[in-house]
Every structure is written in C-alpha cells, then in structure tokens.
Amino acid sequence: MWFENYRTIFGLILIFSILSAGVVYVFSQSRAVGPTFNSQMESLKKQNEELVAKLKNVEDKHNQLVGEFQNAKSEAEKQVAGETTESVSVKTITQNSSSAVPSPVQSGKINVNTASASSLDSLPGIGPSYAGRIIDYREANGGFKAIEEVMNVKGIGPKTFEKIKDKITI
C-alpha cells in the first residue's frame, strides 16, 4: 500500500516536472523572439511614419497645383471674356513674328486659327458642332487667311459672320 501512495506522488512529481520544463522552454523561446519582433515593429513604425510624411508632401504639392490651375483657369476665362487684368503675366515670344505662335485670344478677340473648341463655342451663334467644323476646316486648309474665310465653313453664313466678325481675329 505504501508503494501505491509513492507511485501516485512520484507520477504527480514527474508530470509537474515535465510541465515546468515545458513552461521554462516556452518562456525562454519567447524571450529570444521578443527583441526581434520588437525591432521589426519599430522598423515598421518608422517606415509608416516616412510614408505618411511623403504622402503629406504629395498632398501639399497636389493642393498647390490645384490652386495654381484654378488661378490660371480663372485668368484665362477673364481673358476670353475680354476682362484682362494687369496681374496676368503673359509670356512674350522674343522670336520674330513669322515664327511666333499666335495666341488664341488677342486683345479680347478669339483667334480662329488657334482657338480651342470651347473658345469657339463661346462665340454668338457658334455651338459645339460649328466649333468642330471650324477646327476641321482650319486643319484641312492650313488655317484661315482672312476672317471672312469663316463663311466657307458649312453652316456659317453672312448673318452668323456679322455676329462674330468683331470677336474673331486671325
């Protein structure tokens, strides 16, 4: 009988020893992995902060460009409407006039040889389809030589020409 009591106690001690050794092993392994994990986390945090800073720079640059675009758009709309201001800085071309590219808007008039479809569309009596026809005509014929040549565009007759002749230039 004393043997059975010792056998139970001996079995419990053996199980306790095995479990204790397992706990010690797991604890020692987690301590070895711990610094590596922590250093990786610090590295990831640093990379995250760098990416956030870069994103902030991109966002700032984007906002700056949007602001510049809005200002340029506003000034261009004023020029098309003939409300040019002295604050608008216009780049001058220093080459001789034969090689200079004409501006779509000169002194409040729209240059039919360089104007966009939306600029032409703003003329009275000229809608999107006529604006497209004007562009097609100038591309097919190498541009307009005189403003009266606009009447050669299908659909633009003397009445429409009278409405736009003071608003266009070559």
* Asked: Name the residues in segment 135-152 that are touching a residue at least 24 places away in the same chain (Cβ under 8 Å) and aliphatic (A, V, I, L, M), would you?
  -> Ala146, Ile147, Val150
* **Only one of Ile126, Ile110 that is within 20 Å of Lys78 (Cα to Cα), aliphatic (A, V, I, L, M), surrounded by 18 or more Cβ atoms within 10 Å (Cβ to Cβ) and out of contact with any Pro (no Cβ under 9 Å at 6 or more places or on another chain)** => Ile126
* To do: Of all residues in segment 149-163, count the ones that are in contact with a helix residue (DSSP H, G or I) (Cβ under 7 Å, 6 or more places away or on another chain) and not polar (S, T, N, Q).
  => 9
* **Filter result for the condition that a residue is modelled with pLDDT of 90 or more, among the basic types (Lys, Arg) and assigned to a loop (DSSP other than H, G, I, E, B), over Lys91, Lys159, Lys163, Lys145** => Lys145
* Candidate set: segment 130-149, residues that are under 12 Å from Thr169 (Cα atoms) and not small (Gly, Ala, Ser); chosen: the one surrounded by the fewest Cβ atoms within 10 Å (Cβ to Cβ) -> Lys145
* To do: Looking only at segment 12-61, count how many residues are acidic (Asp, Glu) and modelled with pLDDT of 85 or more.
  => 2
* Per-region count, segment 122-170, residues at positive phi and more than 38 Å from the chain's Cα centre (by Cα) -> 1
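The values are calculated or read from the model by the stated rules, or taken from the named source; none is laboratory data. Keep in mind it's a predicted model, so treat the numbers as computed, not measured. A quick note on method: Cβ atoms are made from the backbone with ideal geometry, for glycine too, and the neighbour counts reach across all protein chains shown.
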